[in-house]
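I have placed the structure first, in the form of structure tokens, so that the comments after it can refer back to it.
The values are calculated or read from the model by the stated rules, or taken from the named source; none is laboratory data. Fair warning: this is a prediction, and the values are worked out from it, not measured in the lab. Don't worry about glycine lacking a Cβ; one is built from the backbone with ideal geometry, like all the others, and counts go over all protein chains shown.
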Amino acid sequence: MTTIDQQSFFIGGDFVRPHSDERADVINPATEGVTGSVPRAVTADMDDAVAAARRAFDETDWPHRPPAERADLLRAVARGLQDRNDEIARIITDENGALFGLNLHTVGHRFCSYYADLAADFEWEELRHGISGPAVIRREPAGVTALVVPWNAPLALLMVKLAPALVAGCTVIAKPAPETPLDTYPLAEVLRDAGIPDGVVNIVPGDAEVGEHLVSHPGVDSVSLTGSVRAGKRIMQVCADRLARVHLELGGKSASILLDDAPLDDAVAGTLGAFLLVNGQACAALTRTLVPRHRYSEVVDALAAAASAAVVGDPYDDASDLGPMTSRRQYDRVLGYLEIGKAEGARVVAGGGRAEGFERGFYVAPTVFADVDNGMRIAREEIFGPVNCVIPYDTVDEAVAIANDSEYGLSGAVWGEDLDRAMAVARRIRTGTFTLNGFTLDPNIPFGGYKASGIGRQNGMEGLEAFIELKSVHLTPQQATTLGYR
């Protein structure tokens, strides 16, 4: 098997040698073989990346260029990513096990195009009339920004942040997860070939130690993390010492609420797809299914049958509905939660262990637990695997209370023929994203969470605002007229 063995980091517009000779293997979760390797980053590598980003922000015209010019460069990045779609998709599948047909790789160029177009309509300056007179409200880049991203959706979760950061005029140090660094190397080549200036984007994959060094660095103005609640809390603690700006997109334990008039086939299919997304490793996954007690057996049977029929297999096989967990650590974690659920008294109606038929690979069978109480650990803690808990309720008020009885508040769905009643439920659920009779994530629509699910929003105009500072420039009416503001 051919491996991808990288020898450098992307810093200051070039591929540079690391400070350490140590290396980190990247494991293919479907085969458990080595699919590639990268240098093992040390804090000195991060220092170099921050210095390059700092120079590009403080000493070049990048943050002061017209947004339209930055948008044109982003369109060139979009074209470059499209040209290398197939290559990048294969790297992602080999390093994290995502289904090849899921097209996670296409998110990158779509976000670049979206934010390039948004730059033309975004109000970078506006004249506002205050009590004391007019003022120009300017939207300026937040500065040197650290982007810390996880392993479950390589490239996609980086581009969600990188595209708006570039349009805003920020400079960036990206830290991909050590499990999935390989896809960022073709990205770096695309950025360089598109003409992104030296030092504007720097990419250094690394572990938690170098990540903490990055987010604590005095040269970093803001931090954007997608990750676990534990990581989010630690980053907040570290950044609090110097009051660095923090944006967090964290975990979830989202509810799929079936009302008594829910269309069974649609609700089951939608819920199944939403908890198997990215092989069950999605923060927005619908992992609790709330069902009227008088329909409980019907729904449990239907969801169990659907989960049992889901095809676990080779991520390159179009027939596969589910591939492997990304790492041995995550595989062991999910299997551990399955045992916790059994010990808590939940009833396994589908799956419950390793998927059958595999001699190797981190494959877990799609699992449905019935007889679950919302106080159980499997109903409260984010498992991050293909596991769903079915919980009965007696009244809609109780369903709302159960859905909201969680430290998380990221996503959710409600299913019912009466749309007015379904919308009334949606209004009462404390989550950042919700869908009526479906499961939808849209790059144009803000995404993020309440409570422990995070701080701030990604996607849409709000995703751009996350990388912007506001400046008010006070004027006299005569000054405003002279400067051409109306």
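Structure values in brief
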item	result
Residues of region 261-295 that turn out to be out of contact with any Phe, Trp or Tyr (no Cβ under 8 Å at 6 or more places or on another chain) and surrounded by fewer than 19 Cβ atoms within 10 Å (Cβ to Cβ), as a count	6
Tally, over region 345-373, of residues that are crowded, with 17+ Cβ neighbours inside 10 Å, on the phi < 0 side of the Ramachandran plot and not hydroxyl-bearing (Ser, Thr, Tyr)	14
Some residue of region 419-437 being over 23 Å from Gly375 (Cα atoms) and under 16 Å from the mean Cα position of the chain (by Cα)	yes
Among the residues listed as Ala262, Ala255, Ala307, Ala284, the single one being part of a helix (DSSP H, G or I), touching a Gly at 6+ places or on another chain (Cβ under 9 Å) and touching a residue at least 40 places away in the same chain (Cβ under 8 Å)	Ala307
Pair list, Cβ under 7 Å, 6 or more apart: region 450-469 residue among the basic types (Lys, Arg), other residue assigned to a helix (DSSP H, G or I)	Arg457/Gly463
The one condition in (1) more than 25 Å from Leu250 (Cβ to Cβ); (2) among the small types (Gly, Ala, Ser); (3) out of contact with any strand residue (DSSP E or B) (no Cβ under 6 Å at 6 or more places or on another chain) that Ala135 fails to fulfil	(3)
Which listed residue, of Ile445, Ile402, Ile383, is in contact with a helix residue (DSSP H, G or I) (Cβ under 8 Å, 6 or more places away or on another chain) and either assigned by TED's automatic domain parsing to the domain that holds Ala365 or among the basic types (Lys, Arg) (or both)	Ile383
